[in-house]
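Data first, discussion second: the structure below is written as structure tokens.
Read-outs throughout are calculated quantities, based only on the coordinates presented, and are distinct from any laboratory measurement. This structure is a prediction, so every number in the text was calculated from the model and none was measured. For neighbour counting, all protein chains shown are included, and Cβ atoms are generated from backbone atoms with ideal geometry for every residue, glycine included.
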Amino acid sequence: MGGLAGGVRRGVTVALVGLVGAVVLGSALLWANNYVLRLLTTILMYAALAQAWNLLGATGYVSFGNVAFFGIGAYTVAILMTRFDVAFVAAAAIGAFLAAALAVAVGFPMLRLKGHYFAIATLGVAEAVREIVGNLEFAGKGKGISLPVMDAEITEIYQYFYIVMLLIVLGALLASHLILSGRAGYALVAIREDEDAAQMVGINTTAWKLSMFGAGAAINGVGGGAYAYWMSYIDPVSAFNFLVTLMPLLMALLGGVGTLWGPLAGALILEVLAETAWSHFLEFHRTVLGAMMVLVVLFFPGGLRDVIHLPQARLVGILRDLLRRYGGARRWWC
């Protein structure tokens, strides 16, 4: 009974937090200007991609190939909308399906690999997909594809894509909650901790890994499709930009891999920091972000979860060590 009650309380808490978050994010339509809406839309897009990476990441597998599924979704929407006059929503759904199908097709042999072998294999798949798409005649080759522009005021366009990305994030959060909070969540943790032992107790590790890989690819696919329509233009450089893989990965690490709200928090923090660094340190803003992520991995490998649960004494000790090592803190810290 205690376990059931605890599960109900967690479910209610998640629902309340989600409701409050949706209301707060939805209220941005009433007060945010175009710049803020663009920034929030970017944050929401990366939050969805980070949540997608988090699904497979919960099993302990690190994928560097999610940009392939993002690009497939982007090009599917671009081709269907321009060549066949398909509506955006239908085109995005088809893009998500094709991305998931590709993930299952390549994942079946690749998920037999482990550790850095799997990570390198996914990187190779992303590069192969980029080269293939970039040489297809009907995909515009290297010239790219221009998508139809919405017939609306610029503010209405910003608001439309903000709502689209918000719905994608809410869908990704709902799917992640249903997966991570149920029996599937225990299976993913078991695979991450000891895959061989998980197989011995009857967990179909291949099926679970393929399911998470495919679900994450579908989210990437619909996100890529929305991005293509938002930008009104797509080419191999923008559709298969490695930052689309790197940024969600860093956001998931920052927020905490295997957590529900971690990727969203990581996306918010990292994108705001990226925007700030870009505006003040244009020449080396990526260096600033890279240094920050190195510090997070070194001192808080569990992401924000470690920071929240970090005892005050340990936090003070870490700060003292850093200041003594790099700032001559002996003179003024104590």
For the pair residue 288 and residue 83, the simple spin-label estimate (label points 7 Å beyond Cα toward Cβ) gives in nm 4.3 nm
For segment 32-300, go through all pairs of different Cα atoms, get the mean of 1/r, take its inverse, and jot down that Kirkwood value in Å. 18.8 Å
Please say if segment 89-136 is rounded, prolate or oblate, where rounded means a/c under 1.5 for a ≥ b ≥ c the square roots of the C-alpha gyration tensor eigenvalues, and otherwise the choice is prolate for a/b larger than b/c and oblate otherwise? oblate
Apply the a/c threshold of 1.5 to the C-alpha gyration tensor of segment 139-229 and tell me whether it is rounded, prolate or oblate. oblate
Straight-line reach from residue 114: which lysines have Cα under 25 Å away, leaving out those fewer than 8 places along the same chain? 209
Report the relative contact order of segment 32-300, percent, no decimals, based on alpha-carbon pairs under 8 angstrom and at least 6 residues apart. 37 percent
Highest average packing first - 178-188, 257-267, 162-172, 60-70, Cβ atoms within 10 Å: 60-70, 257-267, 162-172, 178-188
Under 12 Å Cα to Cα from residue 143, which aspartates and glutamates show up? Leave out anything in the same chain fewer than 8 places away. 235
Mind giving me the nanometre distance, one decimal, between the label points for residue 152 and residue 206, set 7 Å out from Cα along Cα→Cβ? 4.6 nm
